[in-house]
Amino acid sequence: MPKLPYQLVLPKAFTCPVVVASPHSGRAYEQEFMASTILDSDRIRSSEDAFVDLLLDRVPTLGAPLLTAEMPRAYIDLNRAEEELDPAVVQGVPRGATNPRVSSGLGVIPRVVAQGRAIYHGKISRAEAQQRIATVWRPYHTKLEAMLAGQQARFGRAILLDCHSMPHEAIETVGAAGQSPEIVLGDRFGASSSLALVEGLEAVFRNLGFRVARNTPFAGAYTTQHYGRPSQGRHAIQIEIDRSLYMDETRVQPTAQFDTIRNLMSEAMRQFFDSVAPQSTDVAAE
């Protein structure tokens, strides 16, 4: 396992109250994990938000920290609560009431990847599941909480942009024919962020030429629900990007449009950061 289960890149100066995170772009597929799965090295990556961290890699130069996962989503899902254990994949977990995410195999220890393909032949031990939570999930969320607390101390509020990618097939039936959204913003139907921030972010993406939807089909999961507390000065917005804009989903490789989308994402971040930055940006990095 990498020395840390995440990468954190800090700006030279914090100029806005934003934290940008990518919890599903990790690609450290270690030998022990690959030996335990029945999937090949291509199919195991189908649930990964491949290259989202690279689309966002200029964020620190724009004045905000960038937190990205190292370990892959198929190993542990950082956008789930640590209690969301699936009795169908983890030994010793009592069967009982579960939420739809866990029931569909997408708990904190996923049972399946895209298109419902099983990751394991049987179950993993409860001890293995707890080890993953202790060494990957908790350090990541401890660091994310610390970054949000730091931003709130500096600026009086904190804004989390939790960035993901979505399979094109998940959105191709949304909206009119040929007009499926390219960006989906999730704010838990208004529960995780102020309306003004979501509207401002939507306007930025629309002005850059993207088709944007809100909360359909993705409204945000654990991260937006847990960290989005607008009444306490904490705002969380999930950003989903259509993978087909910048990558070959079958081969899991960037396409010729990758740099174009990367440039547009950088510009979107720059415009949004400017819109939420205080008048004085003379805030030193710590």
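Please give the net charge around residue 195, taking every other residue with its beta carbon less than 13 angstrom from that of residue 195, where Lys and Arg add +1 and Asp and Glu add -1.
-1
Taking only complete DSSP H runs, can you tell me which helices of the chain stretch 20 Å or more along their own long axis by Cα positions and average at least -0.5 on the Kyte-Doolittle scale?
Helices meeting the criterion: 258-276.
So with the 1.4 Å probe, I'd like the accessible area per residue for the stretch 185-258, rounded to whole Å². Don't jump to the answer; show the numbers that get you there.
Values: 3160 Å² over 74 residues.
Heavy-atom SASA per residue in the stretch 185-258 reads 43 Å².
In whole Hz, with x marking every Gly and Pro, tabulate ³J(HN,Hα) for the stretch 64-71 from phi via Karplus 6.51 cos²θ - 1.76 cosθ + 1.60, θ = phi - 60°.
Taking θ as phi minus 60°, the curve returns 9, x, 10, 10, 10, 6, 9, 7 Hz for the stretch 64-71.
Taking Cα centroids, how far is the stretch 184-222 from the stretch 23-92 in Å?
23 Å
If you keep only loop residues by DSSP, which GluC sites (Glu not before Pro) in the stretch 59-155 have at most 11 other Cβ atoms within 10 Å of their Cβ?
Sparse-neighbourhood loop GluC sites (Glu not before Pro): 83.
For residue 111, enumerate residues with amide H under 5 Å from its amide H, sequence gap 5+ or separate chain, H modeled in the peptide plane.
Sorted by chain and number, the residues that satisfy this are 106.
Just the C-alpha atoms of the chain: what Rg/Rh do they give, with Rh taken as the Kirkwood radius?
0.95
How many nm is it between the label spots at residue 34 and residue 270, if each spot is 7 Å from the Cα in line with the beta carbon?
The answer from the label model is 3.8 nm.
Computing the accessible area with a 1.4 Å probe over protein heavy atoms, can you report the carbon and sulfur percentage for the chain? Please report the intermediate quantities before stating the final value.
Values: 6110 of 12300 Å².
In the chain, the share of accessible area belonging to carbon and sulfur is 50 percent.
Could you give the Stokes-Einstein D for the stretch 1-94 in µm² per second, using the C-alpha Kirkwood radius, 20 °C, 1.002 mPa s?
Value of D from the Cα-based Kirkwood radius: 144 µm²/s.
With a 1.4 Å probe and every protein chain left in place, work out the accessible area per residue of the stretch 100-140 in Å², rounded to a whole number.
I get 44 Å² per residue for this part.
Heavy-atom accessible area per residue, the stretch 1-74, 1.4 Å probe: how many Å²?
I get 40 Å² per residue for this part.
Run the helix sum for the chain: -39,500 (n - 2.57) per DSSP H stretch of 4+ residues, divided by residue count, reported at 222 nm to the nearest 500 deg cm²/dmol.
It lands at -8000 deg cm²/dmol.
Return the distance in nm (one decimal) between the two label points of a simple spin-label model at residue 149 and residue 103, each offset 7 Å from Cα along Cα→Cβ.
3.7 nm
For every other residue with a beta carbon closer than 12 angstrom to the beta carbon of residue 108, add +1 if it is Lys or Arg and -1 if Asp or Glu, then tell me the sum. Intermediate values should be presented prior to the final figure.
Values: positive: 73, 80, 101, 111, 132, 138; negative: 77, 82, 83, 84, 86.
Charge balance in the 12 Å sphere: +1.
Return the FRET efficiency for the residue pair residue 216, residue 127: r is the Cβ-Cβ distance, R0 is 51 Å, and the value is rounded to the nearest 0.05. Spell out each step's value before the answer.
On the way: r = 39 Å, r/R0 = 0.77.
With a Förster radius of 51 Å, E is 0.85.
The values are calculated or read from the model by the stated rules, or taken from the named source; none is laboratory data. Keep in mind that what you see is a predicted model, and the values were worked out from it rather than measured. No Cβ is skipped: glycine too gets one built from the backbone with ideal geometry, and neighbour counts run over all protein chains shown. To get the accessible areas, we keep the full protein, side chains included, count just its heavy atoms, and leave off ligands, DNA and RNA. Shrake-Rupley method; radii C 1.70, N 1.55, O 1.52, S 1.80 Å.
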